[in-house]
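Below: one structure, written as structure tokens.
The values are calculated or read from the model by the stated rules, or taken from the named source; none is laboratory data. Keep in mind it's a predicted model, so treat the numbers as computed, not measured.
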Amino acid sequence: MRIVAVVCNIVLFAFTCFVLLTEGILREAPYLILTLLPLLVPILSLVVLLRGGMRLQEQRTRDDPPSMSTLINRVAVFCNLVLVGFSCWAAVAQYPYPEGNGVIPFGLLMVFTPIISLVVLFGRGTRKMQEPRRTIAHQEQERDA
């Protein structure tokens, strides 16, 4: 699933760049934000998704503060949620859609890419939370033995 999320983020970034080259940048504030989000959020998501496979196993105790990767993961989740919200808002605000073959696929890509990224990021966060719990439980069992 992580590979699908990585590919979707790359395609969304490339598709957004192509749309910007052909259509140009809109000057209204909400649309300017909607232009920047699909450029920046896929890059952030790619960094988090690709770093996740290369991270070292960290053993944490209950008193350790959250690591920088946990903070970046939370920022990526928040940004993907904002992108989903803005994408849904734009889909509703722009109905009926302008003529063209690429509007509907681009809209679907704008909505489903952050959703797929969220699924992978939440799965990664859940797995990350379970690993320290198992480690702590194993440490307590070793101490008792």
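Evaluate the range 69-80: report whether one residue or more is among the hydrophobic types (A, V, I, L, M, F, W, C), over 27 Å from Val92 (Cα atoms) and either modelled with pLDDT of 90 or more or in a helix (DSSP H, G or I) (or both).
yes
For residues that are among the β-branched types (Val, Ile, Thr), assigned to a helix (DSSP H, G or I) and over 11 Å from the mean Cα position of the chain (by Cα), tally how many sit in the range 9-49.
Here the count works out to 7.
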